[in-house]
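Below is one structure, written out as C-alpha cells; comments come after it.
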Amino acid sequence: MELTFPSGPACVNATDVATTYSSPSLLNHSMRVYAWAVALGATHHVGFDSELLYVAAMLHDVGLVAEFDSHTKPFEVAGGHVAWVFAAGAGWPPERRARLTQVIVRHMQAEVDPAEDPEGFLLSRAAAADIAGRDVAELPAGFRAEVLGRYPRLDLVAEFLGCFRDQAARKPESLAGAAMRNDLATRMARNPLELA
C-alpha cells in the first residue's frame, strides 16, 4: 500500500491550519489518522470521499488546542464548529459543511455505521487505532512501519493525556471524560503503535 494524500485547495489549507495550530505530536497524529483511515477503508471495503476524510482528519482534534477550546462544549463538537467555518471559507455548500462537522463529532463514538457514514466510520476507527491501539492488526505491518517512520509519535501519549485530563476535569460528562474514567492512560501505554 502506498502512502499518498489528496491535493486541492481545501486539503492544502487544512494542512496549513493543522500545522499552524497543532503541536508536532498532534499534527503527526492527524497525518497518521488519515493514513490509517485509508488502510482501514481498503481492509473493510469502504469507499470514501478522500477530500472530506482528509480535511476531517486534519481538523478532528482542533477543539483540543487553546485557541479553539470551549469551556462548555465537548472538544469534538467545538472542533466540528471550527471545521464548519473552515469549510464555509473553502466555498463548500452547506450540506458538505454539515457532513464535515458530523464526521468530526462522530470520531469520538465507539461505533459508527459505515453504510450511513463511511468517513465517520473510518475517522473513528483510525483515531481509535492511533490513540488506543484498537484493531491495529488490521493495518498492514509494512505500511504501519512506513507511516510511523514518516510521522513519528513523539510525545503524543503525554500530550494527549494532558489534553484529555483537562477536558475531563472541566467537562466530566463528555466522551473525553468517559475515556479517562475507562483508563485511557493504560490503553495508550499498551498501544502496539507506541511499542513499535
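The values are calculated or read from the model by the stated rules, or taken from the named source; none is laboratory data. As the structure is a computational prediction, the values presented were derived from the model and not from experiment. All Cβ positions, glycine included, derive from the backbone under ideal geometry; neighbour counts span all protein chains shown.
Residues in the stretch 22-38 that are surrounded by fewer than 24 Cβ atoms within 10 Å (Cβ to Cβ), polar (S, T, N, Q) and assigned to a helix (DSSP H, G or I) were compared, and the one that is nearest to the chain's Cα centre (by Cα) is Asn28. Scan the stretch 92-110 and give yes if some residue there is surrounded by fewer than 19 Cβ atoms within 10 Å (Cβ to Cβ) and at pLDDT below 95, otherwise no. Yes; the residues of the stretch 92-110 include at least one that is surrounded by fewer than 19 Cβ atoms within 10 Å (Cβ to Cβ) and at pLDDT below 95. Under the condition of being of a type in the set (Asp, Glu) and under 21 Å from Asp183 (Cα atoms), the residues counted in the stretch 108-132 number 2. Taking the stated definitions as given, is Ala57 crowded, with 21+ Cβ neighbours inside 10 Å and either more than 19 Å from Val105 (Cβ to Cβ) or of a type in the set (Val, Ile, Thr) (or both)? In short, no.
The set of residues from the stretch 76-91 being in contact with a helix residue (DSSP H, G or I) (Cβ under 7 Å, 6 or more places away or on another chain), of a type in the set (Gly, Ala, Ser), in a helix (DSSP H, G or I) and surrounded by fewer than 20 Cβ atoms within 10 Å (Cβ to Cβ) comprises just one member, Ala88. Residue count for the stretch 97-116 under the criterion of being out of contact with any Leu (no Cβ under 7 Å at 6 or more places or on another chain), farther than 26 Å from Leu184 by Cβ and basic (Lys, Arg): the result is 1. For the stretch 39-75, which positions are outside any helix (DSSP H, G or I) and out of contact with any Pro (no Cβ under 7 Å at 6 or more places or on another chain)? Matches in the stretch 39-75: His45, Asp49, His60, Asp61, Val65, Asp69, Ser70, His71, Thr72, Lys73, Pro74. Scanning the stretch 1-41 for residues that are modelled with pLDDT under 95 and over 22 Å from Arg97 (Cβ atoms) yields a count of 4. All conditions in (1) closer than 25 Å to Arg153 by Cα; (2) in a helix (DSSP H, G or I); (3) touching an Asp or Glu at 6+ places or on another chain (Cβ under 9 Å); (4) of a type in the set (A, V, I, L, M) hold for Met1, with the sole exception of (2).
Yes/no matrix, rows are residues, columns are (1) part of a helix (DSSP H, G or I); (2) surrounded by 15 or more Cβ atoms within 10 Å (Cβ to Cβ); (3) touching an Asp or Glu at 6+ places or on another chain (Cβ under 8 Å):
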residue	(1), (2), (3)
Glu116	no, no, no
Asp130	yes, yes, no
Ala137	yes, no, no
Glu146	yes, yes, no
Glu159	yes, yes, no
Gly162	yes, no, no
Pro172	no, no, no
Gly177	yes, yes, no
Thr186	yes, no, no
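Since Val105 meets every condition but one in (1) touching a residue at least 60 places away in the same chain (Cβ under 8 Å); (2) closer than 27 Å to Asn182 by Cα; (3) in a helix (DSSP H, G or I), which condition does it not meet? Of everything listed in (1) touching a residue at least 60 places away in the same chain (Cβ under 8 Å); (2) closer than 27 Å to Asn182 by Cα; (3) in a helix (DSSP H, G or I), Val105 misses just condition (1).
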